[in-house]
Amino acid sequence: GDSDSLICFGETLGCSSILTNINLGDTAEELFLMTARTKDIAKCGSAKLTEDYKTVFGILKSGFDLSDEHFDSWYTDTCHMVRHGVSKMALATYDEAPAACGIMLYGYANNCYLSHIAVRKDMQKKGYGEAVVRGIANISADEYENAVVLCRDEICGFYRKIGFEKIQIYYEIRR
């Protein structure tokens, strides 16, 4: 079917997943594109820019399906984007201990795209995820009008609480 053709095409390009706005059935995971005006959500953001890759990756491991074997490829990609000003990493702390992180992946057409928002497991449900999202919005507000995130349905409530709205559905097919 169509999803098999897309997966084959993605493999040819070396992609680990394909994102489309076409529903290709049970093989695709539904994701929601959400957006908020950066100046509206930039209130009280306490995250600061960082280039502490090991700390950020440590937090990401607690929130995503990552292990130490993923560090080198993640570091190579992320460091390159941060070094060339495409991406920015932010870190929220509690008593100087790292609590949450996020990445402003890139900006395009007045939108900054957020990615890898994660909170250490022992610090979840305490406002640090919101602090890092608001901090990135605060850092980005002068340059970008909107913050955009792509997330699963079970995470939409978190972003809605901050001020994001669902604007479109996408479907991800992983190979």
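The values are calculated or read from the model by the stated rules, or taken from the named source; none is laboratory data. Just so you know, these numbers come straight off a predicted model, no measurement behind them. In this analysis, Cβ positions are derived from the backbone assuming ideal geometry, glycine residues included, and neighbour counts consider all displayed protein chains. When the accessible area is computed, the model is the full protein with side chains, heavy atoms only, and any ligands, DNA or RNA have been set aside. Shrake-Rupley method; radii C 1.70, N 1.55, O 1.52, S 1.80 Å.
Condition check for residue 73 on (1) crowded, with 16+ Cβ neighbours inside 10 Å; (2) farther than 24 Å from residue 97 by Cβ: one failure, at (1). Considering region 134-156, and only residues there that are in a helix (DSSP H, G or I) and touching a Cys at 6+ places or on another chain (Cβ under 7 Å), the residue that is least open to solvent (accessible area, probe 1.4 Å) turns out to be 140.
Reported count of residues in region 35-58, each being within 27 Å of residue 170 (Cα to Cα), surrounded by fewer than 20 Cβ atoms within 10 Å (Cβ to Cβ) and in contact with a Gly (Cβ under 9 Å, 6 or more places away or on another chain), is 2. So which pairs qualify, if the first residue must be in region 90-115 and on the phi > 0 side of the Ramachandran plot and open to solvent by less than 70 Å² (accessible area, probe 1.4 Å), the second must be among the acidic types (Asp, Glu) and in a strand (DSSP E or B), the Cβ gap must be under 6 Å, and the two must be at least 6 apart or on different chains? Taking only residues 6 or more apart or on different chains, not a single pair turns up. Please find, among 159, 170, the residue that is in a strand (DSSP E or B) and surrounded by 14 or more Cβ atoms within 10 Å (Cβ to Cβ). Just a single option satisfies the conditions, and that option is 170.
Of the residues making up region 17-70, those that are modelled with pLDDT of 85 or more and among the β-branched types (Val, Ile, Thr) are 35, 38, 41, 50, 55, 56, 59.
Here are 167, 136: which of them is hydrophobic (A, V, I, L, M, F, W, C) and under 30 Å from residue 23 (Cα atoms)? Write out each step before concluding.
Details: 136 fails: under 30 Å from residue 23 (Cα atoms).
The unique qualifying residue is 167.
Contact annotation: residue pairs with Cβ atoms under 6 Å, 6 or more positions apart or on different chains, pairing a residue in region 18-42 that is within 21 Å of residue 159 (Cα to Cα) with a partner that is open to solvent by 20 Å² or more (accessible area, probe 1.4 Å) and among the acidic types (Asp, Glu), are 19/172; 29/172; 31/172.
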